[in-house]
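Read the figures in this text as sums done on the coordinates, not as results from a lab. Everything quoted here is computed from the prediction, not taken from an experiment. Neighbour counts run over all protein chains shown; Cβ positions are idealised from the backbone, glycine included.
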Amino acid sequence: MPLSVRDLVVRYGATTAVDGVSLDVHRGEIVGLLGPNGSGKSSTLAAAAGNLDADSGTVTIDGQSRSQDPCRFAAKVGFVPQDAALYDELSASRNLEFFGQLYGLSGIELDSRVAYALDRARLLERSGDRVGTFSGGMKQRLNMAVALLHDPPLLLLDEPTASLDPASRDALFADLHRLRDDGHAILLTTHHHDEAEYGCDRVVLLNKGKLVASGTIQELTRTPSDGRAVLYGHLGELLPKYVERGLRQRLGPDVELEIIGHRVRLSASGNEQLGRALGLVLAEGMQLDTFRTPPGRLEAVARS
Amino acid sequence: MPAPKLSRIAVLAAKDWSLFWSDRRAAFLCFLVPVLLASAFGIIFDRPQSTGTAVKLPLLLVVESESPYVDQLAQAVVACDRVDARIVSRAEALTLVAERSPGVAVVLPKSFETLATWTPGRAGDRPRMELLHNPLCTMEAQWAEGVVTEVVLRCIAKAQLGPLVSDTDTALTLPFQSESTAIHGDTQTEFNPYSHSFCGMTLQYLLFWGMESGLLLLRERNRSLWQRMRSAPVSLTEILFAKALATATIALLLIGFTFLMGNLIFGVTVNGSVFGFVFLAMAISALAAVTGLMVAAVGGTEARARSVCILVILGVSMIGGLWLPSYLLPGWVRELSLAMPTTWAMRGLEGVAWQGRGLIASLPSLAAVAGFTACFLAVAVARLVSNESRRRRGYT
């Protein structure tokens, strides 16, 4: 198993950014770390990449932790920062050469891998041009190519689509799916539900540093057998019982409201009823930090 | 992290060289600017010592008496070969002195008429000669006072001795002669005024180059590039060592190029030990590189670091005698300057460049520069390691 994170805790002073998160990423799968801003996604990713020291917990890649052998640990990771981490003043090929050499590549092997990376990133014709002249999409492709140059088993991407237009985003996920099919393990952070839905095989939901839910998209978005529309959410603050009772009365008998701790499940006989119920729930002041529906349902609910 | 690997240090340093040469025009200017600065300073402070002609002090003379005697004194001053004097009105003198063109005027007052009948030991008020000078020309004012005093005394003596001796010119000849000799150091080599400017301006520019290198490191640390570098199998020691190596080697190249241009254009030579010059150049290059690390270590943000650096570099350049020779500076500044690495670097460079000092004589300067470099390095590395540790704990 390329990446295994166990009971990870990261604190910034009095603030706990990651609170006991455990997750695994296997070869041939894309795992999305999903959550709102400040949920601990980037901190988890930085700790996995070895860029951040955890207060407690372990991060291992193929069973090896960073403290055992930092160089070997680093060689197993391809880290793609949110911004293009490239030297604008240098050409695409020089950037690739430099980072390849840092990972110990040289000679014919380096040349062939640089050529392959440029080809894969569709940048062969611009290989001699300065990176500063590239578009955002080209920079992001090169950014990923740099991370893949030393052929790491694990690829970590921090908000990879943050600065991309929809076409570039689709192209990026097409590349990620190819890499997954080649056997890479991929962990990425996003706060876009739709990206997690169509781009990731598994999703880990984080909120306020805690793992809220994890599983495959199918598991998390299981549709009830009776065909009812369903929505899962996470409460920012616990509701007083009398508010919950009043809300149930207003929702009526056709809408099911299930609250277990911070977790909320709302279901109705159809999208239209679910949309109306969601509007009522939000109007009552219920603070839903995150909510999700089965694939495609969110748009349907919003439309209704 | 394991022990630093030379191959990775070489890769990192080569990257910095690539970045330096990536903008060819900027690199060209980097070499051109110290040569231009040194040439400009050399031209401004050049004195025609080698021609053998005495420098004449530009002087204004205000004559406030119409008596033939005072006019005779004025003509004697005008005729003196040590000043370039012309007679003007008081109003004109005030305007011209204020504009520093020239900076000194001497007023021969009406009371100077009494000097015609002066006798030794005569009691009463002595006539008062007035000196008008620009605030920036106190030295020139003293010079003018001395010359005019000598001329007036000669005239008085001539009048007094006239009845006693047949040839007053012979009688008034100074009873001694003076001779000036420039002391050049270990070898009797001729002073080249451009040597000072090339040593000083090269040193100053190297400090600015060190600053630029430090700012580049700050930029890298504040961008996601640093995250990528730190997730690669590279230690902080390797990154810092490579940065210093690249900065120092480029600095060494800058010194070589600047002095080569100085030699080709103005005849600046290394009259002393060549090995001393090479060792000093290497020590000074290392100092520039460590200055860069210091900038990155204590600079905070790029904008803040740039402002503070410019202030510090200009300050230590001025106090260290990089602009003007240190003997022109006040005593307390000269004492303070001993605590500046620039002072020792300048002494060493000037010593081997035009004073013709040998390797042994250069050792104190060399040791001082190396000592400052080691101290700065220790502070910079300690601070950068601490910063990195905080960064790894999530503090930015």
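Worth pointing out:
- Counts of other chain beta carbons within 10 angstrom of each beta carbon in peptide B:18-24 average 4.
- Inter-part distance, segment A:95-122 to segment B:336-358, computed on C-alpha centroids, equals 48 Å.
- Over segment A:3-217: Rg over Rh, Cα atoms, Kirkwood Rh: 0.96
- Computed extension gain for residue B:265 through residue B:174, at 0.36 nm per residue and net of the alpha carbon distance, reaches 28.5 nm.
- Within chain B, longest stretch free of exposed chymotrypsin sites (Phe, Trp or Tyr not before Pro) [DSSP loop, at most 10 other beta carbons within 10 Å]: B:177-394
- Per principal axis, descending, Cα span of segment B:52-171 in whole Å: 46, 39, 22
- Relative contact order of chain B, taken over Cα pairs closer than 8 Å and 6 or more residues apart, is 19 percent.
- Inter-chain Cβ neighbour count for B:233-245, averaged per residue, equals 2 (cutoff 10 Å, partner chain atoms only).
- Only Cα sites of the protein assembly as shown enter the Debye sum here, all with the same form factor; the resulting log10 I(q)/I(0) across q = 0.09, 0.10, 0.12 1/Å is -0.90, -1.02, -1.24, listed in q order.
- Note on A:193, A:150, B:196, A:26: ascending count of other Cβ atoms within 10 Å places them as A:26, A:193, A:150, B:196, the fewest first.
- Those aspartates and glutamates that a straight Cα-Cα span of less than 18 Å connects to residue B:158, excepting residues fewer than 8 apart in one chain: B:71, B:113, B:150, B:167, B:169
- The mean number of partner chain beta-carbon atoms within 10 angstrom of a residue's beta-carbon across peptide A:86-98 is 3.
- Cβ-Cβ FRET estimate between residue B:339 and residue A:280, R0 fixed at 56 Å, reported to 0.05: 0.15
- Rg(Cα)/(2.2 N^0.38 Å) for segment A:40-131, N = residue count: 1.27
- Between helix A:136-148 and chain A: long-axis angle, C-alpha atoms, 0 to 90°, nearest 10: 70
- Helix-only CD estimate at 222 nm, as mean residue ellipticity for chain B, using -39500 (n - 2.57) per DSSP H run (n ≥ 4): -21500 deg cm²/dmol
- Taken one residue at a time, the phi angles of segment B:36-43 give Karplus couplings (6.51, -1.76, 1.60, θ = phi - 60°) of 5, 4, 5, 5, 4, 4, x, 5 Hz. Gly and Pro are set to x.
- Put the Cα centre of segment B:95-132 next to the Cα centre of segment A:23-43 and the gap is 92 Å.
- When Rg and Dmax are taken over the Cα atoms of chain B, they come to 29.5, 100 Å.
- Entries of B:5/B:243; B:56/B:110; A:139/B:5 with Cα pairs more than 22 Å apart: B:56/B:110; A:139/B:5
- Extending 7 Å from the Cα toward the beta-carbon at both residue B:111 and residue B:367 defines two label points whose distance is 5.9 nm.
- Selection from B:89, B:380, B:349 lying farthest towards where the dipole of chain B points positive, charges on Cβ: B:380
- Pairwise centroid distance, computed over Cα atoms, of segment A:70-84 with segment B:230-256, Å: 22
- Exposure proxy shown here: for B:319, B:284, B:255, B:265, the number of other Cβ atoms within 10 Å sets the order, fewest to most, as B:265, B:319, B:255, B:284.
- For chain A, the mean residue ellipticity at 222 nm estimated from helices alone is -10500 deg cm²/dmol, where every DSSP H run of n ≥ 4 contributes -39500 (n - 2.57) and the total is divided by all residues, rounded to the nearest 500.
- Proxy reagent accessibility, fewest Cβ within 10 Å first, across B:55, B:148: B:55, B:148
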